[in-house]
Amino acid sequence: MLERDPRPFLVDVLCGPVHRSLPGALWLHNGGLGDFDAAEEQRFLDVLARLSGHDKAREIVFFCSGSRC
């Protein structure tokens, strides 16, 4: 997957303080909480739209420290 062109966007959704992440990944603070108010949900969607160039077919990989983030 990471060999494809264009490469998928890597989005780190780990909650908590600033931390090191994978090279090239974007940290979306509190993205892993999943229980957003309307403003936070819109911020999340806006960032994803900008990342993908508004291309809903663009691959985006989300990751954090476990399966329940």
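Only a single item in (1) small (G, A, S); (2) at positive phi; (3) open to solvent by 60 Å² or more (accessible area, probe 1.4 Å) is not met by A57, and it is number (2). Where residues in the stretch 18-31 are of a type in the set (A, V, I, L, M) and under 27 Å from D5 (Cα atoms), which of them is least open to solvent (accessible area, probe 1.4 Å)? Filtering the stretch 18-31 for residues that are of a type in the set (A, V, I, L, M) and under 27 Å from D5 (Cα atoms), the one least open to solvent (accessible area, probe 1.4 Å) comes out as L28. Would you be able to say whether some residue in the stretch 17-40 is hydroxyl-bearing (S, T, Y) and in contact with a Lys or Arg (Cβ under 9 Å, 6 or more places away or on another chain)? No. Identify all residues within the stretch 1-45 that are at pLDDT 85 or above and in contact with a helix residue (DSSP H, G or I) (Cβ under 8 Å, 6 or more places away or on another chain); write none if there are none. Selection gives F9, V11, L26. Residues that are closer than 13 Å to D12 by Cβ, in a loop (DSSP other than H, G, I, E, B) and open to solvent by less than 60 Å² (accessible area, probe 1.4 Å): does the stretch 32-48 have at least one? Checked the stretch 32-48: at least one residue is closer than 13 Å to D12 by Cβ, in a loop (DSSP other than H, G, I, E, B) and open to solvent by less than 60 Å² (accessible area, probe 1.4 Å).
The values are calculated or read from the model by the stated rules, or taken from the named source; none is laboratory data. These figures come from a predicted structure and were not determined experimentally. Backbone-built Cβ (ideal geometry, glycine too); neighbour counts: all protein chains shown. The protein model used for the area step is the full one, side chains on, heavy atoms only, and it has no ligands, DNA or RNA in it. Shrake-Rupley method; radii C 1.70, N 1.55, O 1.52, S 1.80 Å.
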